[in-house]
Amino acid sequence: MTARAAIYARFSSDLQRDRSIDDQIALCQDYAARQGYKVVATFSDRAITGASLLVRPGIQAMLQAARAGDFDFVIAESLSRLARDQEDAPAIRKRLEFAGVKIVTTADGVVSPLMHGLRTIIDAQYLDDLKSAVRRGMAGVIRDGRHAGGSIYGYRCVPGKPGELEIVPHEAAIVRRIFQEYIAGATPRAIASALNLETINAPRKGFWRASTINGHTKRKTGVLQNEIYCGRLIWNRSYRIRDPDNGRRIWRYKPENEWHRAEAPEVRIIDDDLFEQAQRLRAERARTVGGFRTRPKRMLSGLLRCGTCNAGMSKKDMDHGRPRIVCTRMIESGTCSNRRRYYLDEIERVVVGGLRDELGTAEAVAHFVRSYNDERRRLASGEVDRRQSVAVEIATVGRQIEQAVAAIIQGRITEAEAEAHLPTLRARHAALTAKLASLANPVPIIEVRPAAVDAYLRILARLDEVVNAELADGEEGPANAIRAMIRSVTIVPTPAGSMPGIVVRGDLGSLLGLEKFPDGPHVGGAGGAG
């Protein structure tokens, strides 16, 4: 029986190009033909680092297909294409071994555990050496008085002179205006709104926002904190590291004694006194508002969304002791047309009433779960049909690829003629294989525990307590429990004088003791508008 093989290819974008994927696949195809393997699947990740397994859909699809028994070997140009990380490499090998799949590279053939371990150490060291070389080069750029980062508002790169900047006069004037207006008492929100009203281009071609001007305190971003405007280049204040649990990159901050500094008077836009005044004012304003609690104060804090632009909604003011909320984007940038203010207690009352009306009895909860399970079963039956259809198409495309390769070997067509069709076929095959893997997830069927339903209904009976009330410390109290099941509350504007529509999306699993549950009820209701 002919051994079945899958091909995996990846490029990380550093000194590589999209064409690299096709080159790797062609190399692996040639190797498979020499070894007598039948290539049944091709997987790839384009412009994605090999330092994390979690952020690569191609290799995830490959592992799922291996577990399904779709092939016996996986071929890669080198082990570094599969993984460079010392944790991910053995994890991939362990999963492939469990599936009975062997790893093959075009240079080493079938890879032994010893060879895999040695290669992994070398690849991990390569990553560390590369990072050190980049940091060393960036430090040298700063020492030379050149800019080591990306684009900065107020400047443009000098053609043919990497790292050298020149001032853009009209943008420099906006920078001076921002500092002067801030020192005169204007808030970042007010400054951003005015700039948007005057249709002045923002740094990233979007809209000006308060965060564009104020920035992140620890990372020293934003116009007001960037020392380049007073002729100082700074680098190495922060760096990003990948979270091993989810593959996301997060910021970490370095002490000031590790920063790299250089004077660059030729890029000065403002004087030191103006910059220092702005920093003192920022510190004073931070102390003024620095006593706020990081935990949410109300049941719906952080969950409210504007139905016009989908931005968050936050407290605007108090009216006779009642807090009113407004679209944050409208306040910060003036780019949302929804200018209405809504009483927060009215919104809370509608949400609470809707939950009680929709899911206020054990029968209602049971009906909701039953309807969900029926819908999931209906979708599952359609998934079976889709899987069969995709599997047939994968087989068809696979045969077309095999026929094209055979035609090249037999001399019936030239490589140039095949090149016009093979990349498209291979890309289609990889996309279909990934799609098939995504359709393999089992359908969860929900079972509700009676004790969890009783606890949930007791919470609903106390919902009146959460209206116009602050959250309790810790996890106790009905407001905290209700908040845990709500993902978002969207306030949909209606004509002036009428009540807004309210759409609640949530997850009942947090209350019913379930790991997964569908979107909760959509509560169409009315809230008071101010």
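Overview of values
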item	result
Residue within segment 25-35 that is modelled with pLDDT of 85 or more and touching a Gly at 6+ places or on another chain (Cβ under 8 Å) present	no
Segment 59-104, subset touching a Cys at 6+ places or on another chain (Cβ under 9 Å) and of a type in the set (A, V, I, L, M), residue surrounded by the fewest Cβ atoms within 10 Å (Cβ to Cβ)	104
Boolean, residue 386 is surrounded by 11 or more Cβ atoms within 10 Å (Cβ to Cβ), modelled with pLDDT under 75 and closer than 18 Å to residue 428 by Cβ	yes
Close pairs (6 angstrom Cβ cut-off, 6 or more residues apart or separate chains): farther than 21 Å from residue 325 by Cβ in segment 275-302, among the aromatic types (Phe, Trp, Tyr) and at pLDDT 55 or above anywhere	278/179; 278/182
Residues (under 29 Å from residue 265 (Cβ atoms) and out of contact with any Leu (no Cβ under 8 Å at 6 or more places or on another chain)) located in segment 177-204	177, 181, 184, 186, 191, 195, 200, 201, 203, 204
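A quick yes/no check of all residues on (1) surrounded by fewer than 15 Cβ atoms within 10 Å (Cβ to Cβ); (2) among the small types (Gly, Ala, Ser); (3) modelled with pLDDT of 75 or more:
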residue	(1), (2), (3)
375	yes, no, no
381	yes, yes, no
406	yes, yes, yes
417	yes, no, no
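The values are calculated or read from the model by the stated rules, or taken from the named source; none is laboratory data. A quick note: this is a predicted structure, and the numbers were derived from the prediction, not measured. Cβ: placed from backbone, ideal geometry, glycine included. Neighbour counts: every protein chain shown.
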